[in-house]
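Here the structure is laid out as C-alpha cells; the discussion comes afterwards.
Laboratory data are not the source of any read-out in this text; all were calculated from the coordinates shown. Keep in mind that this is a model prediction, so the values were computed, not measured. All Cβ positions, glycine included, derive from the backbone under ideal geometry; neighbour counts span all protein chains shown.
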Amino acid sequence: MKLTVLGAGTFVAEINRTASGYLLEIEDKKIIFDFGRGTIRNLLELGHNLENLDKIFISHVHADHLLELINFIIHLVINPDKKRKYGLDISDKKYQVYGPEGLKNSINSILDAVSFNKQNLEEIISIKEIAPKQILTFDNYTIVPFQAMHNKGLNALGYRVKKSEKIFFYSGDTTYCESIIEGAKDADLAIIEACLKSSENHMNGIEAGLVATKANVKLLMLTHIARTYLSDVEEDLRKTYGGKYLIAEDKLCVKF
Ligand SMILES: [Zn+2]
Ligand SMILES: [Zn+2]
C-alpha cells in the first residue's frame with residue numbers, strides 16, 4: 001500500500017497545509033479518505049486524474065473533511081473534457097462514497113444550497129451510509145469502519161484497511177476511546193489526529209501516543225495538528241509513545 005497526505009491541516013487556512021485528505025493506493029486502486037479544502041489541487045499537482053479515483057470514505061461531515069467532495073461532484077458533472085480526455089462517459093463510472101449516517105443528507109443539502117441540479121447525480125455517485133464494524137469487502141482488500149467519538153451527537157468513523165497482511169488505519173477526528181485503539185490494532189501505518197493540546201472533541205499528542213502504544217502501531221503518523229500546537233505536539237507524544245512516528249505534511253508519501 002502507498003499513502004499520500006493530501007491535506008495535513010485543519011479548518012485554519014495555511015499556505016502549505018490544506019484541510020484533511022489522504023490518498024491510499026492499493027495496487028492500481030485509489031481510495032480517498034476525507035476530502036477537505038485544497039485536496040483536489042494537491043491531487044492534480046501530484047499528477048493524479050480525478051476521474052481515476054475509485055472510492056471515497058468520509059470520516060464525518062465537518063466542513064474541513066467534506067467540502068471538497070462537493071467540488072469534486074460538480075467537477076464530475078460539468079467537466080467538458082471528460083469524454084475526450086479519458087474516454088469516459090458520465091454513465092461509464094459510478095463513484096462510491098461511504099460515510100457515517102447523515103452523510104447523504106449533508107451532501108444533498110449543500111448541493112441544494114449552491115443551486116446544483118441533482119438530476120443526474122445518482123448516475124455519477126452512490127452514497128452509502130455505513131455503521132461501525134460493518135465489514136466492506138472489495139477486490140482483494142477489506143475496510144472496516146470504527147466508531148470515533150468526536151463532537152457530541154455527530155456520527156464519526158475511523159477506517160481500518162486490510163490487504164493481505166498489511167493494515168492501515170485512519171482515525172478521522174476523535175477523542176481518546178477504546179474503539180479507536182481497536183481499529184488501530186497492529187496497524188503498519190496508523191494516521192491519528194492530535195489536533196489540540198486541550199479539547200473536548202479532539203486528542204492531543206499524549207492521547208494519540210497512548211492509542212498508538214496500546215494498539216501496537218508499527219508506524220504512527222500524527223495529523224490534523226493545529227498550527228498553534230505544532231511546536232509542542234512531539235514533546236507530548238513522547239510521554240506516551242516510544243515507537244516510530246511521522247508528523248503529517250501535505251504530499252508526504254509512505255509505502256508500507
Ligand atoms: Zn471534525
Ligand atoms: Zn477536523
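Miscellaneous remarks
- Residues located in segment 1-53, provided they are assigned to a loop (DSSP other than H, G, I, E, B), within 16 Å of ligand 2 (Cβ to nearest atom) and of a type in the set (S, T, N, Q): 10, 18, 20
- Scanning segment 175-214 for residues that are in contact (Cβ under 8 Å) with a residue 40 or more places away in the chain and closer than 16 Å to residue 146 by Cβ, we see that the one that is farthest from ligand 1 (Cβ to nearest atom) is 189.
- Criterion violated by residue 137 - all others in (1) crowded, with 17+ Cβ neighbours inside 10 Å; (2) among the β-branched types (Val, Ile, Thr); (3) free of Cβ contacts under 8 Å to residues at least 24 places away in the same chain satisfied: (1)
- Considering only residues in segment 18-39 that are under 19 Å from residue 100 (Cβ atoms) and among the small types (Gly, Ala, Ser), the one that is surrounded by the most Cβ atoms within 10 Å (Cβ to Cβ) turns out to be 20.
- Filter result for residue 235 (touching a Gly at 6+ places or on another chain (Cβ under 8 Å) and farther than 22 Å from residue 7 by Cα): yes
Listed here are the residues, each with its yes/no results for (1) more than 14 Å from ligand 1 (Cβ to nearest atom); (2) of a type in the set (D, E, K, R); (3) farther than 29 Å from residue 165 by Cα.
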position: 2; (1), (2), (3): yes, yes, no
position: 7; (1), (2), (3): no, no, no
position: 12; (1), (2), (3): no, no, yes
position: 19; (1), (2), (3): no, no, yes
position: 29; (1), (2), (3): yes, yes, no
position: 38; (1), (2), (3): yes, no, yes
position: 59; (1), (2), (3): no, no, no
position: 69; (1), (2), (3): yes, no, yes
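- Of the residues making up segment 169-202, those that are part of a strand (DSSP E or B) and of a type outside the set (A, V, I, L, M) are 169, 170, 193.
- Any hit, segment 157-168, residues being within 16 Å of ligand 2 (Cβ to nearest atom), of a type in the set (A, V, I, L, M) and in a strand (DSSP E or B): yes
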